[in-house]
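Some notes on the structure that comes next.
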Amino acid sequence: MSVYVILLPEAIADVDRREDREALAMPYEDEPGAAVYKYEVLPSGSLMVWRTFPDSSAVPEATFGPSAWSHVRGSFFGSND
């Protein structure tokens, strides 16, 4: 399952786009047979998006500080989904 992150308007630097809902969405789409995205919420409240591969280790794709994101959906890092 892909990961979808919704950012808080304050996280967008371009003030003219702060109300644009598409600018607040950060999709990480799975690549069938290649990479699968998963997320993890760290103890600090930061959100980390991982790119996982079937035959190798996971690598971090993106990190959002605790005041940058409001919602996330997708597969949790550490699950076998």
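Bear in mind that the values in this text are calculations on the coordinates, not laboratory data. These figures come from a predicted structure and were not determined experimentally. Glycine gets a Cβ as well: all are built from the backbone with ideal geometry, and neighbour counts include every protein chain shown.
Odds and ends about this structure:
- Each label was represented as a point 7 Å from its Cα along the Cα-to-Cβ direction; for residue 70 and residue 2 these points are 2.1 nm apart.
- Net charge of neighbours whose Cβ lies under 14 Å from the Cβ of residue 61, counting Lys and Arg as +1 and Asp and Glu as -1: -2
- Given their separation in residues at 0.36 nm each and the Cα-Cα distance between them, residue 77 and residue 42 gain 11.5 nm when the chain is fully extended.
- Sites residue 53 and residue 25, calculated FRET efficiency, Cβ-Cβ separation with R0 25 Å, nearest 0.05: 0.55
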